[in-house]
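Asks: My questions will all concern the structure given below.
The values are calculated or read from the model by the stated rules, or taken from the named source; none is laboratory data. Being a predicted model, the structure only gives us computed values, none of them experimental. Ideal geometry is used to build each Cβ from the backbone, glycine not excepted, and the neighbour counts take in all protein chains shown. SASA here: full protein model, heavy atoms, side chains in, ligands and nucleic acids out. Shrake-Rupley method; radii C 1.70, N 1.55, O 1.52, S 1.80 Å.
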Amino acid sequence: MSSSNSETKSAGQIANVMNETRVFPPSGEFSAKAVIGSMQAYQTLYAESIADPVAFWERQAHEHLHWFEPFHTGLEWNEPFAKWFVGGKTNVSYNCLDAHVVAGRGDRVAFHWEGEPGDKRTITYAELLADVSKFASALKKLGIQKGDRVSIYMPMVPELPVAMLACARIGAIHSVIFGGFSAEAIADRNDDAQAKLIITADGGWRRGKVLPLKQTVDEALQKSPSIQHCIVLKRTENDVTMKPGRDLWWHELVADAPTHFPAEPLDSEDSLFILYTSGSTGRPKGIRHTTAGYNLYAKRTFQWVFDYREEDIFWCTADCGWITGHSYIVYGPLAAGATQVLYEGAPNAPAEDRFWDIIERYRVTILYTAPTAIRTFIKWGDHHVEKHDLSSLRLLGSVGEGINPEAWMWYYEKIGGGRCPIVDTWWQTETGGIMMSPLPGAIPCKPGSCTMPMPGIIPRIVHADLSDVGTNEGGMLCIEKPWPGMLRGIWGNDDRYRDGYYGKVPHMYLTGDNARRDEDGYYWIMGRIDDVINVSGHRLSTIEIESALVSHPSVAEAAAVGRPDELKGQGIAVFVTLKNHNPSDNMRDELKKHVRKEIGALAVPDEVRFTTALPKTRSGKIMRRLLRDIAAGKESGQDTSTLEDFSVLARLRSDEES
Ligand code: WT7
């Protein structure tokens, strides 16, 4: 039971977690009440699930979704294309709302919402159903049909889940765009999806300021010919320009809409949403999820991993603009009838104890947040935490990147008071829901490990030559069989889907992550195989950042790499060659601003280095591993024999950012 402190100093490094040997089993009290309360119970369930995964998921689907018409086939697998619960008709918004109201649970609170300025709303399932029905009927009236794409660019107000569920109710496909993305990024996504409608707000509150969402949308719409209408929610009451004929106020649309609007029976495989994420090449890809399988997987993993019970108050701090918000604010918890906290703003508004204040006031029992947030809280200091009574908490969760053991221990002791298991949940936009995580009443935690697979999920780790790795050997993490929550493809690009996920390793889903499995069967994620950077738990591709830089008129060539960052997990360093080789004083700032404009604040480089040339192989491929070492300030022990111009490396080293 020891861990070397010196080795756990910096965040997000593989070597740290390799030495972690501590094990934290759940307390007897926790296990006694848990949905799955022992290792043996987990193993029995898991064994049953993988003996015949399709039969297992068929049973789950019968029991846990409402069917307007039953399905006739559990799975049709035409690799790499999956169809789950074929022939069945259901509706995700029905499963999330009507099902509870019909069962007499309409008075249960769905959301305790709190705006950043402190305004509050409590919304029951019956009220949420009425709001969703009204908005769904308004969308229909506006001419939105089943299969139409609808972009959503909103702050974290109740109307954001309402908009998503209203789309789901009528079979429109939503594409939620995180509120931090730029006008360019919105326009790209509108265009790729050929969205007909965009839903936004006048603004949202962030650290006491108004995020001018509508203004950003106006700019995006200059380049979004497919968009016919823009619905605007009044939130911050700041001045906005409404374009006659195109722009419509939310409150006017729903003013006389009926509170009863039936959910349309939809095919199991009708698309539910598209969510854009970065890959290692090209533009962001629209990950497509469908109706029944996704909803079932989000619901069941929510119930298993968060050990959800009637009396729990669940708080997932993610934004609905990411997959975590889709699956563990909207579709999983609502399908399970959970009561949640929803918070609009920043964790340090008005002060650094906002989260702990919220937990104390709402008696939150389960908190689900990200390592980058945890590291920030550590930096802000324990006194913010110690001011509050966090004794309501019984379970903690982590998502977005690996959690380094130091942050794990702090989370466990300072937030969890040493009594709450931590579920370190590994999954992806593509997987739709959690793939590996402790089941908290059953699987003892090891700090830094996502532990074991969900029922029905069969992970496999292989070498580059496709042979299986041995115990504790790192390799490419794959998933053996289709599962209901998996992506059904990339919007408009079947080839990219096939090549990216089912091309390299035959007959298995390639996750893009490296992993190892230890002697106890625990999985340890070791980071990405490809050139994807994980900044604060969010994916960015080096190519995207490079394309943004190269679109600046002064830039000849650019290379972006990740570098260790204590708070964000990874930061972004870029190496830039200029056309005139002569950086002006404000060029660094100008390039940072340019990237912000092209992609958004999330992608702004932490460091910009100018160089006269980039290190390349003879075939012209940028040698990123060298640049990564330089950016990390490490001496490179890497083989440089394929470097085209050795002097380039020496020049880059001496050219530190001033
Ligand atoms: C990538 C997926 C899943 C929702 C948020 C991110 C990394 C995610 C963990 C974890 C280690 C993790 C992986 C994965 N990742 N969770 N618990 N431990 N790594 O979704 O943007 O689709 O990114 O995030 O590298 O492949 P995403």
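Asks: Compute the projected area of the convex hull of the Cα atoms of region 316-462, averaged over all viewing directions, and report it in nm² to one decimal place. Provide the component values of the computation, followed by the final result.
Replies: Working: hull surface 36.5 nm².
With every direction weighted equally, the projected area is 9.1 nm².
Asks: Longer than 27 Å from Cα to Cα, which of 141/209; 120/568; 243/597 are they? Say none if no pair is. If you can, show how the numbers build up before the last one.
Replies: Values: 141/209 34 Å; 120/568 30 Å; 243/597 23 Å.
Cα-Cα > 27 Å for 141/209; 120/568; rest within.
Asks: Same structure, new question: Below 12 Å, Cα to Cα, which aspartates and glutamates can residue 593 reach? Residues fewer than 8 away in the same chain don't count.
Replies: 606
Asks: Then there is this: Which of the lysines could be linked to residue 481 by a straight reach, that is with a Cα gap under 29 Å, when you skip same-chain ones fewer than 8 residues away?
Replies: Excluding near neighbours in sequence, the set is 83, 89, 285, 299, 446, 504.
Asks: Here is a further query. Any aspartates and glutamates with Cα under 17 Å of the residue 134 Cα? List them, leaving off those in the same chain fewer than 8 positions away.
Replies: Excluding near neighbours in sequence, the set is 98, 159, 252, 256, 264.
Asks: Computed FRET efficiency, Cβ-Cβ of residue 584 and residue 388, R0 51 Å: what is it to the nearest 0.05? All intermediate terms of the calculation are to be shown ahead of the outcome.
Replies: Details: r = 49 Å, r/R0 = 0.96.
Efficiency, rounded to the nearest 0.05: 0.55.
Asks: Mind giving me the nanometre distance, one decimal, between the label points for residue 68 and residue 210, set 7 Å out from Cα along Cα→Cβ?
Replies: Here the modelled spin labels are 4.1 nm apart.
Asks: Okay, next question. Between residue 102 and residue 530, what is the label-to-label distance in nm when each label sits 7 Å out along the Cα-to-Cβ direction?
Replies: So the label points at residue 102 and residue 530 sit 4.0 nm apart.
Asks: Sticking with this structure for a sec: In deg cm²/dmol, rounded to 500, what helix-only [θ] at 222 nm does the chain give when every DSSP H run of at least 4 residues adds -39500 (n - 2.57) and the total is split over its residues? Mind dumping the intermediate values first?
Replies: Values: 21 runs with 189 residues, N = 658.
Theoretical 222 nm ellipticity from helices: -8000 deg cm²/dmol.
Asks: Follow-up. Quickly work out the residue 625-to-residue 55 label distance, labels modelled 7 Å from Cα along the C-beta direction, and quote it in nm with one decimal.
Replies: 4.7 nm
Asks: Shifting gears a bit: Taking H as built 1.01 Å from N, whose amide H comes closer than 5 Å to the amide H of residue 152, not counting residues under 5 places away?
Replies: Those lying under 5 Å, H to H, from residue 152 are 175, 176, 177, 199.
Asks: Here is a further query. Treating each Cα of region 121-272 as an identical point scatterer and ignoring solvent, apply the Debye formula and state log10 I(q)/I(0) at q = 0.11, 0.12, 0.13, 0.14 Å⁻¹.
Replies: Here log10 of I(q) over I(0) equals -0.39, -0.46, -0.55, -0.64.
Asks: Please report, for the Cα atoms of region 33-108, the Rg to one decimal and the Dmax as a whole number; what are they, in angstrom?
Replies: Just the Cα atoms of region 33-108 yield Rg and Dmax of 15.6, 44 Å.
Asks: If one computes P(r) from the Cα atoms of region 243-351, what percent of pairs lie at distances over 24 Å?
Replies: On the way: 2847 of 5886 pairs.
Here the long-distance tail beyond 24 Å is 48 percent of all Cα pairs in region 243-351.
Asks: Please list, in order, the residues from region 565-595 whose amide nitrogen is less than 20 Å from a point placed 7 Å along the Cα→Cβ vector of residue 554.
Replies: 573-595
Asks: Still on this structure: Per residue and in cubic angstrom, what volume does the convex hull of the Cα atoms of region 422-559 have?
Replies: Cα-based convex hull of region 422-559, divided per residue, equals 137 Å³.
Asks: What translational diffusion coefficient, to the nearest whole µm²/s, does region 407-450 have by Stokes-Einstein, given a Kirkwood radius computed over alpha-carbon pairs, a temperature of 4 °C and 1.567 mPa s viscosity? All intermediate terms of the calculation are to be shown ahead of the outcome.
Replies: Details: Rh = 11.2 Å.
Approximately 116 µm²/s, per Stokes-Einstein.
Asks: Sorted by accessible area (1.4 Å probe), largest first, how do 594, 62 line up?
Replies: Largest accessible area first, the list is 62, 594.
Asks: When the chain is fully extended, how far beyond the present Cα-Cα distance does residue 458 get from residue 617, taking 0.36 nm per residue of separation?
Replies: Between residue 458 and residue 617, full extension yields 53.4 nm more.
Asks: Provide the percentage of antiparallel DSSP beta bridges, counting only those with both residues in the chain; round to the nearest 5.
Replies: Roughly 60 percent of the beta bridges in the chain run antiparallel, per DSSP.
Asks: Provide the FRET efficiency to the nearest 0.05 for the residue 480-residue 260 pair, computing r from the beta carbons and using R0 = 45 Å. Can you show the working numbers first?
Replies: Working: r = 45 Å, r/R0 = 1.00.
E between residue 480 and residue 260, to the nearest 0.05, is 0.50.
Asks: Counting only the heavy atoms of the protein chains, how much of residue 568 is accessible to a 1.4 Å probe, in Å² to the nearest 10?
Replies: Solvent-accessible area, nearest 10 Å²: 50 Å².
Asks: Turning to a different aspect of this structure: Once phi is turned into θ = phi - 60°, what whole-Hz ³J(HN,Hα) does the Karplus curve with 6.51, -1.76 and 1.60 give for every residue of region 159-166, x standing for Gly and Pro?
Replies: Result, ordered by residue: 5, 5, x, 4, 4, 4, 5, 5 Hz.
Asks: First measure r as the distance between the Cβ atoms of residue 566 and residue 505, then evaluate 1/(1 + (r/R0)^6) with R0 = 35 Å and state the FRET efficiency to the nearest 0.05. Could you put the intermediate results ahead of the total?
Replies: Numbers: r = 34 Å, r/R0 = 0.97.
Step by step, r from the Cβ atoms, then E = 0.55.
Asks: Over all alpha-carbon pairs of the chain, lay out the pair-distance distribution in 10 Å bins, whole %, shortest bin first.
Replies: Result returned by the calculation: 3, 15, 27, 28, 19, 7, 1, 0.
Asks: What are the residues whose amide H is under 5 Å from the amide H of residue 266, where those residues sit 5 or more places off or on another chain and H is modelled from the backbone?
Replies: Residues meeting the criterion, in which the H sits 1.01 Å from N, are 90, 91.
Asks: Spelling out what I want: for every residue of region 205-220, take phi, set θ = phi - 60°, compute 6.51 cos²θ - 1.76 cosθ + 1.60 (Karplus), and round to whole Hz; glycine and proline get x.
Replies: Computed from phi, the couplings for region 205-220 are 8, 8, 6, x, 10, 8, 7, x, 5, 4, 4, 5, 5, 4, 5, 4 Hz.
Asks: Could you give me the ³J(HN,Hα) list for region 84-89, computed from phi with Karplus coefficients 6.51, -1.76, 1.60 and θ = phi - 60°, whole Hz, x at Gly and Pro?
Replies: Each residue of region 84-89 in turn: 9, 6, 5, x, x, 10 Hz.
Asks: Could you tell me the accessible area of residue 369 in Å² (1.4 Å probe, neighbours in place), rounded to the nearest ten?
Replies: 10 Å²
Asks: Could you compute Rg(Cα) / (2.2 N^0.38 Å) for region 531-615, with N its residue count? Display every interim value, and only then the final one.
Replies: Working: Rg = 12.0 Å, N = 85, 2.2 N^0.38 = 11.9 Å.
Region 531-615 yields a ratio of 1.01.
Asks: Starting from the amide H of residue 22, placed 1.01 Å from N in the peptide plane, find each other amide H under 5 Å away whose residue is 5 or more places distant or on another chain.
Replies: HN-HN under 5 Å from residue 22: 2.
Asks: Quick one: Cα centre-to-centre distance for region 99-173 and region 48-96, in angstrom?
Replies: 25 Å
Asks: In region 550-588, whose amide N lies under 11 Å from the spot 7 Å out along Cα-to-Cβ of residue 222? List them in ranges.
Replies: Label zone hits: none.
Asks: On a full-extension model of 0.36 nm per residue, what is the gain between residue 281 and residue 120, subtracting their alpha-carbon distance, rounded to one decimal in nm?
Replies: Values: separation 161, 0.36 × 161 = 57.96 nm, distance 4.28 nm.
Length gained between residue 281 and residue 120: 53.7 nm.
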